[in-house]
Amino acid sequence: MDFLNSYIGLIPVTMAQSLIYAFVATGIMLPFRILSFPDLTSEGAFPLGGCVCGVLLSIGVDPLLAMTVAAMAGFAAGCTTAFVHLRFGINTLLAGILVMTMLYSINLRIMGRSNIALFNYENIFSNIHPDLNFDYTMKIPFLAALIGIVVLGFFWFFKTEKGVGVRAVGANPEMAEAQGINIWTATIGGVGIASALSAFGGALLVQSQGFADVNMGFGILINGLAALIIGEAIIGRNSVLRQLLAPVVGAMVYYQLVSFCLALGLPPSDLKLATGAFVLIMLALPTLKKGKAGAVRPEKLRE
Amino acid sequence: MLSIKQLCKTFYPGTPDEKTALDHVDLELDTGSFCVVIGSNGAGKSTLLNAISGKLPVDGGTIALDGEDIGPLPVHQRARLLARVFQDPMIGTAPGMSIEENLLLAELRASRRSLKFGLTAARRRLFRDRLALLGLGLEDRLDARVELLSGGQRQALSLIMAVSTNPRLLLLDEHTAALDPRTAGLVMEATVRAVAEFGLTTLMVTHNMHHAIEYGDRLIMMEAGRIKLGLGAEEKRGLTVEELVARFQIADDKILLSD
Ligand SMILES: Nc1ncnc2c1ncn2[C@@H]1O[C@H](COP(=O)(O)OP(=O)(O)OP(=O)(O)O)[C@@H](O)[C@H]1O
Ligand SMILES: [Mg+2]
């Protein structure tokens, strides 16, 4: 029962961590589900946010401002991906890979080295309360409130006249255009906001863990996708609210699962294989159920 | 008033596949006029409508609506002035969204979308009344997803979406062709009613000769990218399918056989 004790001991830490990753999972969900724009930019935007925030904190910039700049940098990255797709007709996934790859070099340039320790600088947690970062009875509600605001914000937005228009762009671009909606604005803005969320998650994480690292994005996309799929399996995606809650709930469940598997003795190096296999099975399930694997396209996505 | 001058469109120019779809087309359509367009397959009817809606960039010529040159405007800006119903019921609606959300999208076609709550109680009442006119029972399913509707129901919804904002020009491209005869009749009736009620300037493409005779106050035929012949309201009255075929020397079996 040793493993159980070590797992239980880690529950609060994992929970706080998963609430931070919920930002990234939401940033993955928005383009993928709402805009039908499968996007890989998060893998670069997440460390971008971390690096920008880390560097700014290390030169004494106010944490709130540092996080705002980090989110804006993520926004620019997402806009770039969307623009590359729209302007040059490059497949959305490839556009995302291009931007993400270029971001790796940019992130290194921004930091000037591969990691920065941030223990000795002010951060958003210590700014609010000296113990906020280490007292999980405060940290978890704080992070939950942050992601809650994001979910509520989107829930409100998608009910507005503008928001319904944005959803139409994902549901049927040709129809949306014929109804007077500017597809470029909606797509560029939407993918931009999504990447801003990922970058914001990165900025939160570096402050929570006390260091920024250019490699911190490695595998974040597949983790976020796994979280999203778990969340959708649990609460569905039949309404806007469910679709918005799915990545948050999914992230919380997914990281507990991971922590549990690690406590059980799964070598961390096998984690990516396990996660990848899990996502693959979940994505393949609908086609397998129909009995004609590969013959049907489960998702209608933009080319 | 729609005024088209010397509109040209050639696909794959300078290649062996070169195809002139619009050959210096001139067309004047008075406000409130309901013009039916016929012509054999590949005559350029859809190309003409796509050029007007902005879907297809043209090689030359001008398109003006009520004196405003709409040629330079992208599709989403022309949508402020014109509405269209496509032949394929799947194109005209957003499948994953509800009936009322689809109607809301159309409702705001001509206006700026604000950050105000979209589906207000007043709007939902309005949508319910509009759908009730169709007699398909859609008014009781406002929150149902459009993907659950049949092709005919979706097309009827597309039509309501197109006409209800009182566009300055309505483009219909064989919008009943994919439907069974009963639903086609229903959608056609709803079309005529709306066009008359709002006095919409309409351009309707059809392969159905009976529809071509029965509806509209003007009839034009396209052939090889040109408007070959036109009939006004006077000449249209009392026209029979046989006369029409003889008049236009229609050599298209598909048209002759259609009912
Ligand atoms: N996107 C396109 N690319 C290349 N050629 C095209 C394209 N669209 C139309 N054409 C060609 O232009 C010509 C006119 O086509 P159009 O679709 O306007 O005909 P139509 O009158 O609508 O015919 P139908 O009655 O079959 O719908 C045809 O020869 C067609 O092959
Ligand atoms: Mg056609």
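Checking B:Pro16 against (1) open to solvent by 10 Å² or more (accessible area, probe 1.4 Å); (2) within 16 Å of ligand 2 (Cβ to nearest atom): exactly one of these is not met. Which one?
(2)
Mind listing just one residue for me: the one in region B:48-78 that is open to solvent by 20 Å² or more (accessible area, probe 1.4 Å) and within 16 Å of ligand 2 (Cβ to nearest atom) and, of those, farthest from the chain's Cα centre (by Cα)?
So the residue we want is B:Leu56.
Of the residues A:Phe260, A:Phe218, A:Phe211, only one is open to solvent by 20 Å² or more (accessible area, probe 1.4 Å), touching a strand residue (DSSP E or B) at 6+ places or on another chain (Cβ under 8 Å) and not acidic (Asp, Glu); which?
A:Phe211
Mind telling me which of the residues A:Ile188, A:Ile230 ends up being over 30 Å from B:Ser53 (Cβ atoms), more than 8 Å from every other protein chain (Cβ to nearest Cβ) and in contact (Cβ under 8 Å) with a residue 24 or more places away in the chain?
Just one listed residue meets the conditions, A:Ile230.
Hey, can you tell me all the residues within region B:12-35 that are polar (S, T, N, Q), within 19 Å of B:Tyr215 (Cβ to Cβ) and part of a strand (DSSP E or B)?
Hits for region B:12-35: nothing passes.
Just to be sure, is A:Thr14 assigned to a helix (DSSP H, G or I), touching a residue at least 24 places away in the same chain (Cβ under 8 Å) and touching a Phe, Trp or Tyr at 6+ places or on another chain (Cβ under 7 Å)?
The answer is yes for A:Thr14.
Could you count how many residues in region B:91-107 are at the interface with chain A (Cβ under 8 Å from one of its Cβ atoms) and surrounded by fewer than 21 Cβ atoms within 10 Å (Cβ to Cβ)?
Summing the residues that are at the interface with chain A (Cβ under 8 Å from one of its Cβ atoms) and surrounded by fewer than 21 Cβ atoms within 10 Å (Cβ to Cβ) in region B:91-107 gives 3.
Go through region A:182-206 and report how many residues are open to solvent by less than 10 Å² (accessible area, probe 1.4 Å) and over 17 Å from the mean Cα position of the chain (by Cα).
Summing the residues that are open to solvent by less than 10 Å² (accessible area, probe 1.4 Å) and over 17 Å from the mean Cα position of the chain (by Cα) in region A:182-206 gives 1.
Of the residues A:Ala145, A:Ala168, which is surrounded by fewer than 21 Cβ atoms within 10 Å (Cβ to Cβ), of a type in the set (Gly, Ala, Ser) and assigned to a helix (DSSP H, G or I)?
A:Ala145
Which one of B:Ile52, B:Ile4, B:Ile63 is more than 14 Å from chain A (Cβ to nearest Cβ), within 15 Å of ligand 1 (Cβ to nearest atom) and under 24 Å from B:Gly230 (Cα atoms)?
Every option except B:Ile4 fails the conditions.
Under 9 Å by Cβ, and 6 or more places apart or on different chains, what pairs join a residue from region B:1-23 that is aromatic (Phe, Trp, Tyr) with one that is part of a strand (DSSP E or B)?
As it stands, the answer is B:Phe11/B:Lys19; B:Phe11/B:Thr20; B:Phe11/B:Ala21; B:Tyr12/B:Lys19, since those pairs meet every condition given.
For region B:21-47, name all the residues that are within 16 Å of ligand 2 (Cβ to nearest atom) and open to solvent by 60 Å² or more (accessible area, probe 1.4 Å).
Answer for region B:21-47, where residues must be within 16 Å of ligand 2 (Cβ to nearest atom) and open to solvent by 60 Å² or more (accessible area, probe 1.4 Å): B:Asn41, B:Gly42.
Going through region A:272-285 one residue at a time, which ones are touching a residue at least 24 places away in the same chain (Cβ under 8 Å) and of a type outside the set (S, T, N, Q)?
A:Lys272, A:Gly276, A:Phe278, A:Val279, A:Met282, A:Leu283, listed by residue number.
In region B:148-162, is there at least one residue being within 14 Å of another protein chain (Cβ to nearest Cβ), open to solvent by 60 Å² or more (accessible area, probe 1.4 Å) and away from ligand 1 (no atom under 16 Å from the Cβ)?
yes
List the residue pairs whose Cβ atoms are under 6 Å apart, where the first residue sits in region B:72-86 and is facing chain A (nearest Cβ under 8 Å), the second is among the hydrophobic types (A, V, I, L, M, F, W, C) and open to solvent by 30 Å² or more (accessible area, probe 1.4 Å), and the two are 6 or more positions apart or on different chains.
Correct list of pairs: B:Arg80/B:Ala110.
Of everything in region A:148-165, what is in a helix (DSSP H, G or I) and either open to solvent by 30 Å² or more (accessible area, probe 1.4 Å) or more than 8 Å from chain B (Cβ to nearest Cβ) (or both)? Give them in sequence order.
The answer is A:Gly148, A:Ile149, A:Val150, A:Val151, A:Leu152, A:Gly153, A:Phe154, A:Phe155, A:Trp156, A:Phe157, A:Lys162.
So B:Ala110 clears everything in (1) open to solvent by 40 Å² or more (accessible area, probe 1.4 Å); (2) more than 14 Å from chain A (Cβ to nearest Cβ); (3) away from ligand 1 (no atom under 16 Å from the Cβ) except one condition, right? Which one?
All conditions are met except number (2).
What's the total number of residues in region B:185-240 that are among the polar types (S, T, N, Q), open to solvent by 20 Å² or more (accessible area, probe 1.4 Å) and within 16 Å of ligand 1 (Cβ to nearest atom)?
Of the residues in region B:185-240, 1 are among the polar types (S, T, N, Q), open to solvent by 20 Å² or more (accessible area, probe 1.4 Å) and within 16 Å of ligand 1 (Cβ to nearest atom).
Within region A:17-42, which residues are of a type outside the set (S, T, N, Q) and outside any helix (DSSP H, G or I)?
Of everything in region A:17-42, those that are of a type outside the set (S, T, N, Q) and outside any helix (DSSP H, G or I) turn out to be A:Leu35, A:Phe37, A:Pro38, A:Asp39, A:Leu40.
The values are calculated or read from the model by the stated rules, or taken from the named source; none is laboratory data. Predicted model only: the values in this text are computed from it and were never measured. Because the Cβ atoms are built from the backbone with ideal geometry, glycine has one as well, and the counts that use them run over all protein chains shown. Accessible surface areas use protein heavy atoms only, side chains included; no ligands, DNA or RNA. Shrake-Rupley method; radii C 1.70, N 1.55, O 1.52, S 1.80 Å.
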